[in-house]
1. On a 20 Å Cα-Cα criterion, which of the cross-link pairs Lys32/Lys102; Lys58/Lys155; Lys32/Lys87; Lys102/Lys155; Lys58/Lys87 come out too long?
2. Step through the residues of segment 181-193 one at a time and calculate ³J(HN,Hα) from phi using the Karplus curve (6.51 cos²θ - 1.76 cosθ + 1.60, θ = phi - 60°), rounding each to whole Hz and writing x for Gly and Pro.
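Read the figures in this text as sums done on the coordinates, not as results from a lab. Given the structure is predicted, the values throughout are model-derived calculations rather than measurements.
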Amino acid sequence: MTQRPRKAIDVNAADTPDASPIGQAILSLIGKVPASREPVSPAPMDDARKAANAAAAKAALAAGALALPPGVVGWLTILPEMMGVWKIQRQLVADIAAIYGKHASLTPEQVVYCLFQHTAAQGVRDLVVRVGQRTLVRRASPVLIRTITRRVGAKLAQKAAGKGVARWIPVVGAVGMGAYAYYDTAQVAATAIDLFEGVIEVEAVEVDG
């Protein structure tokens with residue numbers, strides 16, 4: 001019997017005291033799948049790319065603006081910058097799923113995979129498995145979700161250090177952060193398009209890893 005895919009994961013960031021601030025931020029993002037107003041498209045790849053370009057530009061603007069404060073003050077904007085970009089990217093994934101007519105079956109696991117597959121592939125390797133022409137999406141238990149956020153958080157902490165260095169170079173650093181956010185969002189879109197182009201099957205049973 002096939003169960004209806006979940007639209008939320010019951011994970012409380014406060015229950016994971018050993019997670020890094022980045023890991024906690026990731027946990028707060030993946031609790032549910034955002035809604036989308038995008039209609040199903042007769043030309044999904046074209047419309048998905050248009051949505052990706054718009055989201056990438058928005059992410060670049062947000063990241064560049066938050067990267068403007070220099071020095072120590074700039075360090076305080078690193079996590080808000082990352083969170084802001086992730087929220088834009090999360091909505092983009094939901095919109096691309098809707099464009100392909102697959103929003104009803106979109107799960108938090110698919111969102112996490114699309115967000116971080118290109119930057120922390122090892123961290124999300126337990127979520128999606130390619131089987132021939134099909135993509136099998138594993139339903140992660142709260143235990144596995146916490147494991148994944150720790151892996152991804154550790155990987156992204158290294159990138160956060162680089163962002164901190166850029167804060168000491170006003171304007172130039174902001175431009176660089178904006179350009180990276182644009183590229184990063186384009187990569188998220190590419191992963192989402194590749195995923196939703198194919199046949200997706202969601203496991204009915206949660207796994208712990």
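1. Lys58/Lys155; Lys102/Lys155
2. Computed from phi, the couplings for segment 181-193 are 4, 4, 4, 4, 5, 4, 5, 4, 4, 4, 5, 5, 4 Hz.
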